[in-house]
1. Restricting the search to region 455-468, which residues are in contact (Cβ under 8 Å) with a residue 24 or more places away in the chain and more than 27 Å from the chain's Cα centre (by Cα)?
2. Scanning region 412-439 for residues that are within 20 Å of the chain's Cα centre (by Cα) and of a type in the set (D, E, K, R), which turns out nearest to I469 (Cα to Cα)?
3. Against the condition open to solvent by 50 Å² or more (accessible area, probe 1.4 Å), of a type outside the set (A, V, I, L, M, F, W, C) and modelled with pLDDT of 95 or more, how does E353 come out, does it pass?
4. With respect to D119, determine if the residue is outside the structural domain of L60 (by the TED database) and open to solvent by 40 Å² or more (accessible area, probe 1.4 Å).
5. For region 471-514: of the residues being of a type in the set (V, I, T) and either more than 28 Å from the chain's Cα centre (by Cα) or in the same structural domain as S298 (by the TED database) (or both), which is nearest to D448 (Cα to Cα)?
6. In this structure, does D239 turn out to be surrounded by fewer than 23 Cβ atoms within 10 Å (Cβ to Cβ) and in contact with a Pro (Cβ under 7 Å, 6 or more places away or on another chain)?
7. Only strands (runs of 3 or more DSSP E) wholly contained in region 34-76 count here; list those with 1 or more residues that are open to solvent by less than 50 Å² (accessible area, probe 1.4 Å) and closer than 24 Å to V88 by Cα.
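The values are calculated or read from the model by the stated rules, or taken from the named source; none is laboratory data. Computed from a predicted model, the values in this text were never measured in an experiment. Don't worry about glycine lacking a Cβ; one is built from the backbone with ideal geometry, like all the others, and counts go over all protein chains shown. Quick note on the areas: whole protein, heavy atoms, side chains included, nothing else; ligands and nucleic acids left out. Shrake-Rupley method; radii C 1.70, N 1.55, O 1.52, S 1.80 Å.
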Amino acid sequence: MHPPLKSLIILATVGLPGVAMAAPNGDFTDVNPLNEDTNFAAVDIGGDTGIGYLPSWTFLRDLTIATRDSSATVSVAGSAITDAPDPVSGTGVFSFEEITDDYNANRLEQCVAIDENLDIKFSYQVFTNRGSVNNSLRLQLNTNFYSDLETCNRDMQANSTANRLTDAEFDVNRRFHFGDGGVLQNEWALVEEANRETTGPMVHPAEQISDGAKAVRLSLRPFSFNADSDPDDVRIWLDDIRVEQDGRNLLVNHDFSDPDLMDGEFVTADASGWQLALAPRNGVVPLASAGDLPFALSGENGVYFKRLTGEYDDTSLVQCISRADIPSGVLQPSANVTSDEPAAGLTAAIRAEFFTDGACTNADTLEDLAGELEITGDARQWQFLGTTGDIAADSIAGSGSMRLTLSVRDRTGGSDGPDAALARTVFMDDVQLSALTLARPTFSPSGDQSFLETLTVTVDGRPGTTLYITTDGSDPDTSSMAYQPGETIVLTETTELRAIASDGQATSEVQSALYTRLNRSDLGSESSGSSFGCSLGGAKDPVLPLLVLLALVGLARSKWRANA
């Protein structure tokens, strides 16, 4: 059974100029950002804790302390909220509706995928409307490290730190007091340094990241020592939050611009193209948003869903595509999907239906195209979702149209329903219409990784295809090095891998990934300018210096931990 349209208003779209095979707005370049004040409620999850979700973020409240109002708000320029500032970046700014005198009572959090071999730099913009700004107003930034995004999100949604990698060894509190930080009433202030607890620049050195960490749990906690005497309208606003490695911000929705999309709403501002079909089931209300993704596959944006039900009917993205926007040749629609918490039972589906009119209302006799994918493997590793059949575009009536539906469901909890302890997130990008390209190969670990000595990368693709790979940054062709799906490549130097898949007839688009080998300067040591190596028979040995360096790095890291 495919997802019904409920009462959606389906409009035919205008294709993107110059795009032959992609679906109109298939890379979600055209996204209408958040454009109105939006309030997010906290739901009691037991233990006097309330939890709420806004696009990509989770907020937690102590309901015994935040007694007046446990909700949070993202406001926009020209907000109806008294004294709310215009955004410093994007279209939205975040605030809790009530500030308290306990750091644990108000927490804005996100689990962030990281590279354990690179320093992490934190910063944010802060604003307050309080008349007398002094050290009674504070904001604390906490970090905890985790082995993967799923474990991090499980702990965060359970209001726990039980599964973090360390027993607070590398978990740091960076506290900022507004008075000493020079914050002025009704003026944005960029915070890059802490002035209490762990003071100085908010940079977490790579050597102090827990071994095996793949995620950091960021927690921002506003505080007012005078909460009891402050007027109810006193707030602390946040914007442009940054968690950076190698100059890249890793956060999703860092500036609160991603919209909170509802059932029947369109992704674009002109009420055309992609439209949401969302419905609650058994108390679970699916969430949807779209915007900039640091790991986007095509362009810079993507669509994402959170808190899924066990039925495709409840979480879908739909577009009616007019005949003029359907490419010639063979049609075999596809998309790419991934998740922060991939698992057996988490699935995505695609369906194409055909109509004799241009507005997807009069069904054609053509058979639907459909496909399904179980989202497993590594977190944020894009996977190809395509229909199992295809059709010649010439078969569609001259004035006809095609309705394309992308759906997701979560049956990881058994009994055809989600895991009650985890609200999973699924991302979608790069929607195509034509069958002229195969699914791109995938790399595991994915790109933008660093390593110290060697790194083994697994290259994978559709069974029956051959994968052609280059290691010098050039585009591969069928004369390049050939690999079979599942084979590995061992890297010993900084390398850009580029790969295509071929089945002997069609060839995929290029997939690329950069892997960086760190050297002494990356680790903070300075070269003496003299020969560091040993020699055998009068010739310098290229291996021994590296072994000595790695031993020194390991010794320094062990010593730091012993003294931490």
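1. Within region 455-468, G464, T465, T466, L467, Y468 meet the criteria.
2. Top of the filtered list is D430.
3. no
4. Values: outside the structural domain of L60 (by the TED database): yes; open to solvent by 40 Å² or more (accessible area, probe 1.4 Å): yes.
So D119 fits the description; yes.
5. Keep residues of region 471-514 that are of a type in the set (V, I, T), which gives 471, 478, 488-490, 492, 494-495, 500, 507, 510.
Still in the list and also either more than 28 Å from the chain's Cα centre (by Cα) or in the same structural domain as S298 (by the TED database) (or both): 478, 492, 507.
Numbers: T478: 25, T492: 15, T507: 25 Å.
Out of the qualifying residues, it is T492.
6. On the way: surrounded by fewer than 23 Cβ atoms within 10 Å (Cβ to Cβ): no; in contact with a Pro (Cβ under 7 Å, 6 or more places away or on another chain): yes.
No.
7. Working: elements: 38-40, 43-46, 49-54, 57-62, 72-76.
Passing ranges, in order: 38-40, 49-54, 57-62, 72-76.
For (1) without any contact (Cβ under 8 Å) to a residue 40 or more places away in the chain; (2) surrounded by fewer than 23 Cβ atoms within 10 Å (Cβ to Cβ); (3) closer than 27 Å to A215 by Cα, each residue gets a yes or a no:
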| position | (1), (2), (3) |
| --- | --- |
| V252 | no, no, yes |
| D255 | no, no, yes |
| D260 | no, yes, yes |
| G264 | no, yes, no |
| A269 | no, yes, no |
| W274 | no, no, no |
| L287 | no, yes, yes |
